[in-house]
Structures are given as structure tokens and as C-alpha cells.
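K.L.:
Here it is, the structure, as C-alpha cells.
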Amino acid sequence: MDLPFDGGISRFFADSAPNAVRDAIDGGKKNQILNPDYPYAKRMSRNAYEDELDALQIELVRLQAWARTTGERIVVVFEGRDVAGKGGTISRFRENLNPRHARVVALSKPTEVETGQWYFQRYIDHMPSAGEIVLFDRSWYNRGVVEHVFEFCTPEAREKWFGQVGTFENMLVDEGIKLFKIWLNVGQATQLKRFLDREADLLKQWKLSWIDVEGLNRWDAYTKAIDETITRTHTVAAPWTIVRSDDKRRARLNVIRSVLTTLDYAGRDNTRLGDIDPLVAGGPDLWHG
């Protein structure tokens, strides 16, 4: 099987990657974190991770049971740079929940009909009913970042979106929906290494797209768009939780904790929850571009 784009990721690494990024990847050792700004030098051990994950997944089951009993509606929005770990985190969040009442929403490119609708309209159709948990794998925040970086929308359309997104989210919260916004962030070397691994894996090449390759050349544009989006959409009613995901294991645990510790669900066992690591998860002050 040919590599996607005839080895586009590998060519970027050889020809265009910054020297510091290339050196970090070439010199990286097993379990080493490639991002020098990450607070830990090595990723969390598998045994410790699995023990903590098991405990948190029991709490997630209790959360779902509480939501079913009380009719609570929960929405978790997962955003972040490409290969930041959104899909894997969502999988661990959902794997022991009843799939009838815990849905993943990963919308594709808008159809011709959807393009002619109000921007938020197609997302409203996927909001939870009583007792449901909905996990958005990317969301209405496409307009703030990806569509802007690739000029899929006009500056005027993006500015209009900024003017409406706060009101839209306030409406969800006023309706009683528990809304969580998670931004997963990775360093440039970590991102490129994950892309190289994906390109080399025949079972994962389907996850790549031309946007992934082109996006590698637009790191700075993404950084600027993300910074503006987080700054302008972090509100009291709908705050952002930033999770540094150079270590996927720590990221997954802290994402789940960030949701569970906020909700006073029946049977909550604080000894199982543990504490959120403030070096890995927190507010926009944790955003480092």
C-alpha cells in the first residue's frame, strides 16, 4: 500500500521541520516526552495509568446512572490540534458506558443543505435528551480555528461567529445542559512524531488527510487562531479546560477528572477520583501555544 500523499509527512520532516523539532524526534527515547516545556520528562507508567483509569471509569458509570435517574444532560466538547489525542480520550471516556445513552458526535464536512443553514443549526440536532451524555469530537469551534486557518470561511463570517458563540453556549447552559469544553494541546515535536507514526502504520493511515500535511506548514497560524479563540470564548458560563496532552495517559486521566469533579452525582467516591494535576490541566493560563 502506498503512503498517503506519497509520504507527505515524511517529506515535511526531512525538508521543512524546524531543526529543534527534528533533533527532538531523532534523539527521542522510549517513553520520553519530546516537548521541552512539558512538566514531566517521561510519560506515566502503564500500571499506574491503568489503575487510575479503572477507578475513574467506575465513577463514569456512576455518573451515567445518576444522569439517567435525574434526567441530567451532559455535553463534553473535545477540541485541540491534530493528533492531540481527542479520539483516544473520548474512547476511554466512553468505553464502559451504555452506548445507548452516551453518544459520540463527529460530524463530517457540511452538506450543501447545511452550508445554507445557520452555522450552529446542525449541532443543535445532536444535543442530548434527558439522561444522555454527548461527546463532540470537534464541534462548532471549527469556525474559530480550522476554517479560519484554511480560509474556508471569510473573516466576516468568523467575526459573526464570535459574536454568536457566547450567546449560543449561554442558551445551552440556561437550558440546564452541563457543558464542558476541553482543549487538548501538544508541542510541535510531539505532533509531528505522532503524524510520522500514523503515516508508517498501515492500520492508521486512513486517519490522515491532506489537511494534516498542509497543517504542518501552518503551525504558527494555528497557534494565533487558537490563542484568539480561547481568549474570546472563555466565559464564566462556559469556561475552557486546557489539557496538555504530550503524555496521552496523563491527559486522559485529567480530562475525565475535570468532568467528574465538577458534578455532584450520586455515589461519588472522592477517593477514586484523585486530584486534577494543575501542571497538566487548568484554565487558559495553561495554554502555551
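K.L.:
Under the condition of being touching a Gly at 6+ places or on another chain (Cβ under 8 Å) and closer than 30 Å to Arg11 by Cα, which residue from segment 217-237 is surrounded by the fewest Cβ atoms within 10 Å (Cβ to Cβ)?
P.N.:
Filtering first and then ranking leaves Asp227.
K.L.:
I'm checking my understanding of the structure. Among residues of segment 259-285 that are buried (at least 18 other Cβ atoms within 10 Å of the Cβ) and in a helix (DSSP H, G or I), which one is nearest to the chain's Cα centre (by Cα)?
P.N.:
Across segment 259-285, the extreme among qualifying residues is Val259.
K.L.:
Scanning for something under 17 Å from the mean Cα position of the chain (by Cα) and either assigned to a loop (DSSP other than H, G, I, E, B) or among the basic types (Lys, Arg) (or both), does segment 191-198 turn up at least one residue?
P.N.:
Yes: one or more hits.
K.L.:
Only one residue in Thr231, Thr223 is closer than 25 Å to Arg249 by Cα and part of a helix (DSSP H, G or I), so which one is that? First the steps, then the outcome.
P.N.:
On the way: Thr231 fails: closer than 25 Å to Arg249 by Cα.
Only one candidate qualifies: Thr223.
K.L.:
Do you know which residues across segment 206-235 are farther than 29 Å from Gln164 by Cα and of a type in the set (Gly, Ala, Ser)?
P.N.:
Result: Ser209, single match.
K.L.:
Could I ask something else about it? Yes or no: Glu114 acidic (Asp, Glu) and either in a loop (DSSP other than H, G, I, E, B) or under 19 Å from Tyr265 (Cα atoms) (or both)? Can you show your working first?
P.N.:
Numbers: acidic (Asp, Glu): yes; either in a loop (DSSP other than H, G, I, E, B) or under 19 Å from Tyr265 (Cα atoms) (or both): no.
Against the criterion (acidic (Asp, Glu) and either in a loop (DSSP other than H, G, I, E, B) or under 19 Å from Tyr265 (Cα atoms) (or both)), Glu114 does not qualify.
K.L.:
For segment 1-105, please list each of the helices (runs of 4 or more DSSP H) lying entirely inside it that holds at least 3 residues being within 27 Å of Met171 (Cβ to Cβ).
P.N.:
On the way: elements: 8-15, 19-26, 46-70, 86-94.
In segment 1-105, the matching helices (runs of 4 or more DSSP H) lie at 46-70, 86-94.
K.L.:
Moving to a separate point now. Which residue pairs have Cβ atoms under 8 Å apart, sit 6 or more places apart or on different chains, and have a first residue in segment 31-49 that is within 21 Å of Arg92 (Cβ to Cβ) and without any contact (Cβ under 8 Å) to a residue 12 or more places away in the chain and a second that is crowded, with 17+ Cβ neighbours inside 10 Å and aromatic (Phe, Trp, Tyr)?
P.N.:
Hits for this filter: zero, empty list.
K.L.:
Can you report the number of residues in segment 158-200 which are buried (at least 16 other Cβ atoms within 10 Å of the Cβ), farther than 21 Å from Gly282 by Cβ and acidic (Asp, Glu)?
P.N.:
Counting residues in segment 158-200 that are buried (at least 16 other Cβ atoms within 10 Å of the Cβ), farther than 21 Å from Gly282 by Cβ and acidic (Asp, Glu) gives 1.
Taken together, the values in this text are just the output of simple stated rules run on the coordinates, not laboratory data. Nothing here was measured: the structure is a model prediction, and the numbers come from that model. For neighbour counting, all protein chains shown are included, and Cβ atoms are generated from backbone atoms with ideal geometry for every residue, glycine included.
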